[in-house]
Amino acid sequence: MAEHPVDLETWPRTAQFRWFRSFEKPHYAVTVRMDATHLMRVRKPAGHSLFRACLHAIGCGLHGVPELGMRFRGDSVVRHDSVMLSTPVPRPDGGFNFSYVPFDPDFDQFDTGAKAAIEEARNRATLAGNSEGMDGVAYMSCLPWLDFTSLDNAMPNAQDCIPRVAWGKIVAEGDGWRMAMGIQVHHALVDGEHLGGFFEGVQRALDAG
């Protein structure tokens, strides 16, 4: 996964980056209701995993917005071409392990790789949390028990700039289906405009295929 330095002399958000770096609580979260009708009427009857379909759609949204692939290293910023999608996977004996799924824009290719990565994590003896400080990753959580209206995440410190994305229970609504999806980001790197692009990209992917 290649990464590129961001030139702070020419980056339009340098002032905002430096401003929000000084905040004690620089993270913010937004939750949106997504249209899951295509998932339920097309993907599910075709035998596709709704979990992996949502994971792929989130990956499309993340990779469609360069700022969501940016991370800071001290006072500098880098941009990743691609990030891994890390999600908890339930273990057969209780608890969970973390999986690390490589992103591929092609759904079928992604689905094959995601299925293998998730099964490996499910049967692994160790949790395999991100103890190495790898930042070419985004954290995912699925809460299929909850149709939530907002969500906050446990954050280790104000310097953590890895996006967190969660999605909830798919519920019937009107003539279709909806689900909650939330994302938490660091304001030094990501503004509301970027989140608008993220959710648009996720919805396009949810409606495709």
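The numbers here are math on the coordinates, done by the rules we state, and not lab data. Everything numeric here is computed off the predicted structure, so don't read it as measured data. We place every Cβ from the backbone using ideal geometry, glycine too, and count neighbours over all the protein chains shown.
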Once both label points are put 7 Å beyond Cα along the C-beta direction, the Glu120-Ser49 separation in nm becomes 1.3
Diffusion coefficient in µm²/s returned for the chain by Stokes-Einstein, Kirkwood Rh over C-alpha pairs, 20 °C and 1.002 mPa s, is 121
In degrees, nearest 10, the alpha-carbon axis of helix 50-63 is tilted away from the dominant principal axis of the alpha carbons of the chain by 20
Per-residue Cβ contact counts at 10 Å, fewest first, order Thr31, Thr149, Thr112 as Thr149, Thr112, Thr31
Quick calc: nm separation of the 7 Å Cα→Cβ label points for Asp35 and Leu143 -> 2.5
Taking Cα atoms only, helix 107-122 is inclined relative to the longest principal axis of the chain by an angle, in degrees rounded to 10, of 90
Here the relative contact order (percent) of the chain, from C-alpha pairs under 8 Å and at least 6 apart, is 33
Region 29-85 and region 98-133 have their Cα centres apart by a whole-number Å value of 14
Rounded to the nearest 500, the 222 nm mean residue ellipticity computed for the chain from DSSP H runs (n ≥ 4, each -39500 (n - 2.57)) alone is -8000 deg cm²/dmol
Fewest-first ordering of Arg164, Arg73 by Cβ atoms within 10 Å yields Arg73, Arg164
